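Visitor: Below: one structure in structure tokens.
What follows draws every value from the coordinates through simple rules; no lab data is involved. Predicted, not measured: the structure shown is a model, and the values here were computed from it. Note that each Cβ is placed from the backbone with ideal geometry, even for glycine, and that neighbours are counted across all protein chains shown.
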Amino acid sequence: MPSQDAIPFYENPGLCQLLLSQIPTGNTLQVRKSRTPGAGSGLFTEDAIPAGQEVFRSKPAVTCVQDSLTTVCDFCYANSANKVLPSGRFRTRRDPIDAPVECGECHICKYCTELSRGCSRLLTAAKSCRNTAFEAYHKYECAAFSKSGDIGIRARALYRVLIHHQHGILPDHQWQGLMTLMPHQSGHQQGPEKEAVSRIAKEAKVHTGTALDLDTIERIYCVILTNSMAIRLPGQSAVMGTAIDVVGAIMNHSCDPNVLISFHGNELRVRTLRDVEAGEELAHCYTDVQSDVLLRQKLLQAEYFFPCTCGRCKSELDEHDRVTQGEEAKTQTIRGAQETLFASMNDAVSSFTLSGKPVDVDSLADHMEELADKAYPTGEWPPSLEPLPSIYKTLGRLNQAQGDPFSAIEFCLRGCAYTKRRAGEPWMVDLFELVQVLTAVLGSTPDEQDADEPPFPTPAELWDIFHGYLHELLRLAQGNCGHDESYTRAIRSWHDAALKYADGALPGTQEFADRFHAAHRKLLLWANVPGGQWTIDVV
Ligand SMILES: [Zn+2]
Ligand SMILES: [Zn+2]
Ligand SMILES: [Zn+2]
């Protein structure tokens, strides 16, 4: 999010050229004035870029590992608990987790060593990430981290920026770039973090010994609050840390994004979600792209201080207006229900995770649906209106964790079939989880069914569905993450191993597509979802 009060990026071509010249890209990128009113600068492509291609990579100005996460190296960002091993296969229970070792001085940063990388030799200190990091920059920050203790990830990012600036580690153009990004200082200084902003800035000045004045430090901290991005590995929802990347932050928001950001270690990677035309502005979604307009807008206002006026927001708001007849109180009731539903779902999941006590998923689902219907003006909450699809998927995962694969697939299917946005990272994760649930179903026998119920697919039909889903999952992974990413390689091995024993026509042929569609319709009908609600192009 570029700043409006400093000289904007688009009026500083020298700085933009420097920033863009440092990032590996096969495309001609430019910073220009955004066409979105009030958005300031934006990042544009001069070339047409097809869907599923990499646009650029970037090493963020600063990154920090998530608080109290013990499995990630603060230097190379190797995650010893990663779902995917570097060799390109999924982790099993037998694969050991060799956690990185804490810095003996600050006890804050963790670093991998030869030992934690799984090497049988004795720890070779000279080769540890800690030593490399220490030489490069950690020697300047270790004492400040040690003195300040547990200050939280964003304050730690501030300390790092200040110290790296002070010692010439942060290049000038990066510093200038940070100072040009939108701080939303007045918003943060008036918000709930008001006192924290000035306290953290004061403490940072004392602990880092920077010569910068307090106002500049507060500004940088607000830039971090506004522009930091969560570091997540492809296909994994766990947050590994935070990154402040100047070129990445110049990209504006869209609820209907044309690119997505993922991380490879702590390197940011941007890929196209659809075909992008030459001259188009690149935009990614700052919030959960699957959530409904009411919650998206609330979050964008609270965290980024702008009201989104994009086409998707407009059409979703029109839809709400049609039902509420423009009555604000009714819209508030829907938004309130969305928040309550999310909160009670999260409560149910965390109480299950913490206590392990079984959850009665069916009555929980009934309770949620009742709550939703009551809040909706027509008395019937549409199944495709969030958070119902997300809740169905979560209930499916709960069932899976409780060892009930048939209920799990019923809920997961309903959630997936009613998900509106079937693109990008969250959808890839949804489909991955559905395939996992289906795998469990393939190994189990269904209960006897009543004759008047829609029949459950035969094992042969289930295998076709499984192969079709895997085919689609591989296509999504290749587009969202690239062919070389270890996640994609792991999906490919899974896909290839499964299809080796497939009977008859394979995905990619019309014969397979006909079989797949018939089987998939049958499965959806069994799960009480209209057969035409969701199809996949498997040719
Ligand atoms: Zn490391
Ligand atoms: Zn240290
Ligand atoms: Zn929008």
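Visitor: Assign one of three labels to the stretch 265-370, namely rounded, prolate or oblate, based on the Cα gyration tensor with a ≥ b ≥ c the square roots of its eigenvalues; rounded applies when a/c is under 1.5, prolate when it is not and a/b is larger than b/c, and oblate otherwise. Before the final figure, lay out the partial values.
Guide: Numbers: a/c = 2.47, a/b = 1.31, b/c = 1.88.
In terms of gyration-tensor shape, oblate.
Visitor: Could you tell me which residue out of Phe90, Thr509, Ala196 lies farthest along the dipole of the chain toward its positive end? Charges go on the beta carbon: Lys and Arg +1, Asp and Glu -1, centred on the Cα centre.
Guide: Result: Ala196.
Visitor: Okay, helix-only estimate at 222 nm for the chain: each DSSP H run of n ≥ 4 adds -39500 (n - 2.57), divide by all residues, round to 500 deg cm²/dmol; what do you get?
Guide: -15000 deg cm²/dmol
Visitor: Just tell me which aspartates and glutamates come within less than 14 Å, Cα to Cα, of Lys205; anything on the same chain fewer than 8 places away is out.
Guide: Answer for Lys205, where 14 Å is the Cα cut-off: Glu141, Asp213, Asp215, Glu218, listed by chain and number.
Visitor: Follow-up question, since we're still on this one. Over the Cα atoms of the chain, Rg to Rh with Kirkwood Rh, two decimal places?
Guide: Details: Rg = 24.8 Å, Rh = 25.4 Å.
Reported Rg/Rh, Kirkwood definition of Rh: 0.98.
Visitor: Starting from the Cα gyration tensor of the stretch 452-539, multiply each eigenvalue by 5, take the square root, and state the resulting semi-axes largest first in whole Å.
Guide: Working: eigenvalues 127, 41, 25 Å².
Semi-axes from the Cα gyration tensor: 25, 14, 11 Å.
Visitor: Based only on Cα atoms, what Rg/Rh ratio does the stretch 170-274 have, Rh being taken as Kirkwood's radius?
Guide: Numbers: Rg = 15.5 Å, Rh = 15.4 Å.
So for the stretch 170-274, dividing Rg by the Kirkwood Rh gives 1.01.
Visitor: Follow-up question, since we're still on this one. Checking the cross-link filter: which lysines have an alpha carbon closer than 25 Å to that of Lys202, excluding same-chain neighbours under 8 positions apart?
Guide: Partners within reach: Lys139, Lys147, Lys194.
Visitor: Would you list which lysines come within 29 Å of Lys393, measuring only between C-alpha atoms, while excluding same-chain residues fewer than 8 positions from it?
Guide: Reachable lysines: Lys83, Lys298, Lys314, Lys330, Lys357, Lys374, Lys420, Lys522.
Visitor: Would you work out the charge dipole size for the stretch 189-311 about its Cα centre, treating the Cβ of every Lys and Arg as +1 and the Cβ of every Asp and Glu as -1, and quote it to the nearest 20 debye?
Guide: Rounded to the nearest 20 debye, it is 320 debye.
Visitor: Taking the Cα centre of the stretch 143-218 as the origin and placing charges on Cβ (Lys, Arg +1; Asp, Glu -1), which of Leu181, Val206, His165 is farthest toward the positive end of the dipole?
Guide: Val206
Visitor: Here's another thing I want to ask about it. Could you point to the residue in Val435, Leu476, Phe466 farthest towards the positive end of the stretch 435-524's charge dipole, with +1 and -1 charges on the Cβ of Lys/Arg and Asp/Glu respectively?
Guide: Farthest towards the positive end: Leu476.
Visitor: Quick check for me: using +1 on Lys/Arg Cβ and -1 on Asp/Glu Cβ, what's the dipole size of the chain about its Cα centre, in debye to the nearest 20?
Guide: In debye, rounded to 20, the chain gives about 1900.
Visitor: In whole Å, how far is the Cα centre of the stretch 371-446 from that of the stretch 200-276?
Guide: Comparing the Cα centres of the stretch 371-446 and the stretch 200-276, I get a distance of 31 Å.
Visitor: Compute and list, largest first, the equivalent-ellipsoid semi-axes of the stretch 125-214 from the alpha carbon gyration tensor, each √(5λ) rounded to a whole angstrom.
Guide: So the three semi-axes of the stretch 125-214 are 26, 16, 11 Å.
Visitor: Helix 459-481 versus the longest principal axis of the chain: what is the Cα-based angle in degrees, 0 to 90, to the nearest 10?
Guide: Value to nearest ten degrees: 20.
Visitor: In addition: Please give the charge dipole size of the stretch 398-539, origin at the Cα centre, charges +1 on K and R Cβ atoms and -1 on D and E Cβ atoms. Round to the nearest 20 debye.
Guide: 520 debye
Visitor: If you don't mind, another one. So what are the ³J(HN,Hα) numbers for the stretch 19-25, from phi and the Karplus equation (6.51, -1.76, 1.60; θ = phi - 60°), rounded to whole Hz, Gly and Pro as x?
Guide: So the Karplus estimates, Gly and Pro as x, are 4, 6, 6, 8, 9, x, 7 Hz.
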